[in-house]
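Trainee: Next up is a structure, given as structure tokens.
The values are calculated or read from the model by the stated rules, or taken from the named source; none is laboratory data. Bear in mind that the values here come from a model prediction, so they are computed numbers and not experimental data. Positions of Cβ are backbone-derived with ideal geometry, glycine not excepted, and every protein chain shown enters the neighbour counts. The protein model used for the area step is the full one, side chains on, heavy atoms only, and it has no ligands, DNA or RNA in it. Shrake-Rupley method; radii C 1.70, N 1.55, O 1.52, S 1.80 Å.
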Amino acid sequence: MAHILTLNSGSSSIKFAVYAAGAPPVEQLRGQVEGLGETPGITLKAQGRTVLERALSPDEGADHAAALTTILSALDEARPDTQITAIGHRVVHGGPDLSAPIVLDDARITTLEKLIPLAPLHQPANLAGIQAARAAFPRAVQVACFDTAFHRAHPWVADTYALPHEYYDEGIRRYGFHGLSYEYVSGKLAEIAPDRARGRVIIAHLGNGASMCAIRDGHSIGSSMGFTALDGLPMGTRCGQLDPGVVLYLMAEKGMSADQIETLLYRQSGLKGLSGLTHDMRALEQADTPRARGAIEYFVSRVRREIGGQAALLSGVDALVFCGGIGENATSVRASVCLGLDFLGIRINPARNAAGEQEISAADAATKVFVIRTDEEQMIARHTAALL
């Protein structure tokens, strides 16, 4: 049987899944390799049950190519009948022109390499995964699925900056990210509550990377993220919205180079920078130090502020959806975000929220609130199957 392998390559990890090719693709296995280049380990699950979990040697997890070899060995051991005929890749940035998944070749990979400055934390890792997969499966179809594609039909006012127009023509514009997650979650909402999905929806993808999207009738009309994946909400290690004057100050008064500023804004800020401890929301809640509490309060405040902005963009809201690692699991964060949003019709049922139910809104609330587990891998598999 033909199978589709999906790869979601991050800077220090690779998430992967195997699907039986079909319409729709059916998941067989799922896992990830974490800690590339440091303390690597692999986890593999089938139908939610862990079938492999072990630490890796430095050689096995040295880089993306080594990790892919390790993944393939694990897949061969767990499912020796697996026949990979296509590989779907999550690629963070597709630029202004790539608005749908594509089959990759040398020329298109060169195009994606030119977009590295727009996503320096993610694009190189995505491309490393692509090159490793091409070397391991030279006959397989390689498909790129873009996080920016879902947002490419934004109205002009949601895409532009107040800069001279030639910069917009050069590609300096708002792109939006987490599109594969928004596409999957909006599709699930259409199954769960079709009447709400046809209306005004705000989806909050809250995790180590965090953003928010305003959706009308299943289509993105605005995103909290902009030119890069730095903008908008504070994240695990990224700063979120920042006065550009801060960057100018760091250059002029602190003598910081572009590389130093990039490291600060992408890797040393956000929850980690504010708390001085970690980017992990679970650890911050357990730490309960003044700085940890302050980091959580700031995160919640910015999420609430962004909900208000997205609601204004939509002229109201019919449904609010939480997804992502924090959105799906941090019950106290969800409760804090929704507290006092009655003016938008948002009120939650505390018991439902604590139990992690799919709908957590109060019975008489005008705006329905949902928690939907996102699945970017499923979305990648569907797009890849469609191009085969």
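Trainee: Determine if the range 322-339 includes at least one residue that is among the hydroxyl-bearing types (S, T, Y) and over 23 Å from the mean Cα position of the chain (by Cα). Spell out the reasoning first.
Mentor: Within the range 322-339, the first condition is being among the hydroxyl-bearing types (S, T, Y), and the residues that meet it are 331-332, 336.
Now drop any that are not over 23 Å from the mean Cα position of the chain (by Cα), which leaves none.
For the range 322-339, residues among the hydroxyl-bearing types (S, T, Y) and over 23 Å from the mean Cα position of the chain (by Cα): absent.
Trainee: Does G31 fit the bill of being in contact with a His (Cβ under 9 Å, 6 or more places away or on another chain), modelled with pLDDT of 90 or more and either surrounded by 15 or more Cβ atoms within 10 Å (Cβ to Cβ) or under 24 Å from F177 (Cβ atoms) (or both)?
Mentor: no
Trainee: Additional query: With (1) modelled with pLDDT of 95 or more; (2) surrounded by 15 or more Cβ atoms within 10 Å (Cβ to Cβ); (3) over 14 Å from T228 (Cα atoms) as the list, and D105 as the residue in question, which single condition is left unmet?
Mentor: (2)
Trainee: Please verify whether the range 188-209 includes one or more residues that are modelled with pLDDT under 95 and over 20 Å from Q310 (Cα atoms). Show your work before the answer.
Mentor: Quick first cut of the range 188-209, residues modelled with pLDDT under 95 only: 207-209.
Adding the requirement that they be over 20 Å from Q310 (Cα atoms) leaves 208.
Within the range 188-209, one or more residues are modelled with pLDDT under 95 and over 20 Å from Q310 (Cα atoms).
Trainee: Further question on the same structure: For the range 49-68, name all the residues that are farther than 13 Å from A132 by Cα and open to solvent by 70 Å² or more (accessible area, probe 1.4 Å).
Mentor: R49, E53, R54, A55, P58, D59
Trainee: Hey, can you tell me all the residues within the range 276-295 that are assigned to a helix (DSSP H, G or I), under 20 Å from the mean Cα position of the chain (by Cα) and either touching a residue at least 60 places away in the same chain (Cβ under 8 Å) or surrounded by 14 or more Cβ atoms within 10 Å (Cβ to Cβ) (or both)?
Mentor: If the condition is that a residue be assigned to a helix (DSSP H, G or I), under 20 Å from the mean Cα position of the chain (by Cα) and either touching a residue at least 60 places away in the same chain (Cβ under 8 Å) or surrounded by 14 or more Cβ atoms within 10 Å (Cβ to Cβ) (or both), then M281 is the only one that fits.
Trainee: Considering the range 125-138 alone, what residues qualify as being over 15 Å from the mean Cα position of the chain (by Cα) and touching a residue at least 40 places away in the same chain (Cβ under 8 Å)?
Mentor: Passing the criteria: A128, G129, I130, Q131, A132, A133, A135, A136, F137.
Trainee: Next question, about the same structure. Is at least one residue of the range 168-190 of a type in the set (V, I, T) and under 30 Å from V371 (Cβ atoms)?
Mentor: So far as the range 168-190 goes, yes, one or more of its residues are of a type in the set (V, I, T) and under 30 Å from V371 (Cβ atoms).
Trainee: For the range 63-95, which residues satisfy the criterion of being farther than 17 Å from E27 by Cβ and of a type in the set (V, I, T)?
Mentor: The answer is T69, T70, V91, V92.
Trainee: Oh, and also: Between a residue in the range 254-269 that is within 15 Å of G236 (Cβ to Cβ) and any residue that is modelled with pLDDT of 95 or more and exposed (fewer than 15 other Cβ atoms within 10 Å of the Cβ), which pairs come within a Cβ distance under 8 Å, given they are 6 or more apart or on different chains?
Mentor: L265/L242
Trainee: Can you list residue pairs whose Cβ atoms sit under 7 Å apart, with the first residue in the range 200-211 being under 15 Å from R282 (Cα atoms) and the second being in a strand (DSSP E or B)? Count only pairs 6 or more apart in sequence or on different chains.
Mentor: L206/F322
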